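J.: One structure coming up, written as structure tokens, with questions to follow.
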Amino acid sequence: MHRPGEPLLLPCAWDHASAFALAGRGFRAVGTTSLGVAAAAGLPDGASATRDGTLRLARTLGPGPFLLTVDAEDGFSDDPEEVGEFARELAAAGAVGVNLEDALGPADRHAAKIAAVRAAAPGLFVNARTDTYWCGDGSFARTVRRLDAYREAGAHGVFVPGLADPGAIGELAAHLGGLPLNVLLTPAGPTVPHLADLGVSRVSLGSFLYRRALGAALEAVEDVRAGRTPGGAAPAYAEVRALGTASPGPGTVNPGLGTAGSGPGAISPGSPRAASG
């Protein structure tokens with residue numbers, strides 16, 4: 001599903017209902033957002049505080065009728081063997097992919113984590129993230145050095161959140177020579193069609209949907225308080241209740257939101273799980 005010029009658009013969920021709602025709109029692959037998982041539990045993101053919560057969510061979503069890739073921060077450990085064991089648990093839960101960020105730590109340590117994950121869970125698609133643009137100085141040369149090291153360690157794809165300049169994106173995609181490049185969609189950055197033209201293979205939404213949901217809730221309550229009729233869409237109670245009670249097992253029809261589990265917006269329970277690679 002990672003094809004240069006025809007990128008995988010990956011929406012990110014934070015719980016059972018959000019994941020099944022997205023799948024019900026036709027998304028065959030769904031990711032998780034570490035910010036959403038952490039914030040929903042009252043924990044800090046990027047602080048290795050949500051290992052158990054992330055694994056619980058993977059076990060909840062893994063059997064679902066969609067392909068699941070998990071945002072695992074930096075693997076929740078500096079020990080490559082512990083990261084490899086966590087990846088093995090994710091694979092056992094039904095995940096088909098994992099996203100690992102380097103947090104600008106030593107590149108050789110992150111490469112060792114990638115190699116450990118490949119050894120412990122050979123079937124997982126490893127998306128190796130570097131934070132050179134997200135948290136660093138945005139050095140293109142530094143980015144290339146890190147991504148080359150991660151490719152050498154066995155990464156199936158690489159992720160550079162914060163990279164939004166079309167020229168740099170196109171140059172990096174060309175440098176990678178077919179290794180899938182993942183970028184984070186930003187409202188002010190290139191559109192999905194533009195990113196496709198630049199050779200991007202995967203476009204992640206990260207925490208955007210979670211933050212947008214919070215924003216919509218705040219706007220709605222302010223409208224109510226001011227005596228205005230809230231705008232925007234709100235799924236019916238019965239639709240959300242159906243999401244919460246849907247069984248992820250074989251033979252289950254995914255109800256989705258606004259699609260009643262059928263038609264072009266729904267996905268079939270038998271979607272091939274191996275397609276994420």
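J.: What list of ³J(HN,Hα) couplings, whole Hz, do you get for the range 60-75 from phi and the Karplus terms 6.51, -1.76, 1.60, once you set θ to phi - 60° and write x for glycine and proline?
T.: 6, 8, x, x, x, x, 7, 7, 10, 10, 10, 7, 10, 6, 9, x
J.: May I pose another question? In terms of modelled amide H atoms, which long-range or inter-chain residues lie less than 5 Å from the amide H of Ala13?
T.: Result for Ala13 returns Gly31, Thr32, Thr33.
J.: Considering only Val98, Val224, Val200, give the residue with the highest GNM mean-square fluctuation for the chain, with springs between Cα atoms whenever their separation is below 10 Å.
T.: Ranking Val98, Val224, Val200 by mean-square fluctuation puts Val224 first.
J.: Amide H of Leu67: which non-local residues (sequence gap of 5 or more, or other chain) have their own amide H closer than 5 Å, using H built in the peptide plane?
T.: For Leu67, the qualifying residues are Ala29, Val30.
J.: Ok, one more. Show Glu171, Glu239 ordered by accessible area, largest first, where the area counts protein heavy atoms only and the probe is 1.4 Å.
T.: On the way: Glu171 105, Glu239 60 Å².
So, going from the largest accessible area down, we get Glu171, Glu239.
J.: Calculate how many DSSP beta bridges within the chain are antiparallel, expressed in % of all such bridges and rounded to the nearest 5.
T.: Details: 0 of 24 bridges.
Of the beta bridges lying entirely in the chain, close to 0 percent run antiparallel.
J.: Report, to two decimal places, the Cα Rg of the range 48-117 normalised by 2.2 N^0.38 Å (N = number of residues). Before the final figure, lay out each step's value.
T.: On the way: Rg = 11.7 Å, N = 70, 2.2 N^0.38 = 11.1 Å.
Relative to the 2.2 N^0.38 Å estimate, the range 48-117 comes out at 1.06.
J.: Please give the helix 80-93 orientation as an angle from the longest Cα principal axis of the chain, in degrees from 0 to 90, rounded to the nearest 10.
T.: 30
J.: List the trypsin sites (Lys or Arg not before Pro) within the range 163-234 that DSSP assigns to loop and that have no more than 16 neighbouring Cβ atoms inside 10 Å.
T.: Details: sites: Arg202, Arg211, Arg212, Arg225, Arg228; in loops: Arg228.
Filter output for the range 163-234: Arg228.
J.: So, one more: For the range 74-221, report the % of Cα-Cα distances exceeding 20 Å. Spell out each step's value before the answer.
T.: On the way: 5411 of 10878 pairs.
When every Cα pair of the range 74-221 is considered, 50 percent fall beyond 20 Å.
J.: Shifting gears a bit: Using the charge dipole of the range 1-100 (Lys, Arg: +1 at Cβ; Asp, Glu: -1 at Cβ; taken about the Cα centre), state which of Phe76, Leu100, Gly64 has its Cα farthest towards the positive end.
T.: Gly64
J.: Now a separate question. Between Ala92, Ala174, Ala216, find the one with the highest GNM mean-square fluctuation for the chain; connect C-alpha pairs within less than 10 Å.
T.: Its mean-square fluctuation being the largest, the pick is Ala216.
J.: With springs only between Cα atoms under 10 Å apart, run a GNM on the chain and tell me which of Leu218, Leu147, Leu22 wobbles the most.
T.: So, out of Leu218, Leu147, Leu22, the one fluctuating most is Leu218.
J.: Given a cut-off of 29 Å, what percent of all Cα-Cα pairs of the chain lie beyond it?
T.: Working: 12207 of 38226 pairs.
When all Cα pairs of the chain are counted, 32 percent exceed 29 Å.
J.: Alpha carbon centre of the range 181-238 versus the range 1-62: separation in Å?
T.: 15
J.: Let me ask something additional. Enter the angle in degrees (range 0 to 90, nearest 10) between the Cα long axis of helix 166-176 and the first principal axis of the Cα atoms of the chain, meaning the one along which they spread out most.
T.: Between helix and principal axis, roughly 60 degrees.
J.: For the chain, what is the mean residue ellipticity at 222 nm derived from helices alone (per DSSP H run of n ≥ 4: -39500 (n - 2.57); sum divided by total residues; nearest 500 deg cm²/dmol)? Please report the intermediate quantities before stating the final value.
T.: Values: 10 runs with 113 residues, N = 277.
After summing the helix terms and dividing by residue count, I get -12500 deg cm²/dmol.
J.: Same structure, new question: For the range 217-230, just list the computed ³J(HN,Hα) in residue order, Karplus coefficients 6.51, -1.76 and 1.60, θ = phi - 60°, integers in Hz, with x standing in for Gly and Pro.
T.: Residue by residue, the range 217-230 yields 5, 5, 4, 5, 5, 5, 4, 4, 4, 8, x, 9, 7, x Hz.
J.: How large is ³J(HN,Hα) for each residue in the range 105-120, as worked out from phi by the Karplus curve 6.51 cos²θ - 1.76 cosθ + 1.60 (θ = phi - 60°), to whole Hz, x for Gly and Pro?
T.: Values per residue, Gly and Pro as x: x, x, 5, 5, 5, 5, 4, 5, 5, 4, 4, 5, 5, 4, 6, 7 Hz.
J.: Still on this structure, I have one more. When all protein chains stay in place, what accessible area (Å², nearest 10, 1.4 Å probe) is found for Glu222?
T.: Rounded to the nearest 10, that gives 80 Å².
J.: Moving on. How much length, in nm to one decimal, is gained on full extension between Thr60 and Glu219, taken as 0.36 nm per residue of separation minus their Cα-Cα distance?
T.: Working: separation 159, 0.36 × 159 = 57.24 nm, distance 3.04 nm.
The span from Thr60 to Glu219 would gain 54.2 nm if fully extended.
J.: Using amide H atoms built in the peptide plane, which far-off residues or other-chain residues are under 5 Å from Leu8 H to H?
T.: Distant-sequence amide H within range of Leu8: Arg3, Arg202, Val203.
The values are calculated or read from the model by the stated rules, or taken from the named source; none is laboratory data. All figures in this text were calculated on a predicted structure; none of them were measured in a lab. Glycine also receives a Cβ, built like all others from the backbone with ideal geometry; neighbour counts cover every protein chain displayed. Note: areas computed on protein heavy atoms with side chains; ligands, DNA, RNA excluded. Shrake-Rupley method; radii C 1.70, N 1.55, O 1.52, S 1.80 Å.
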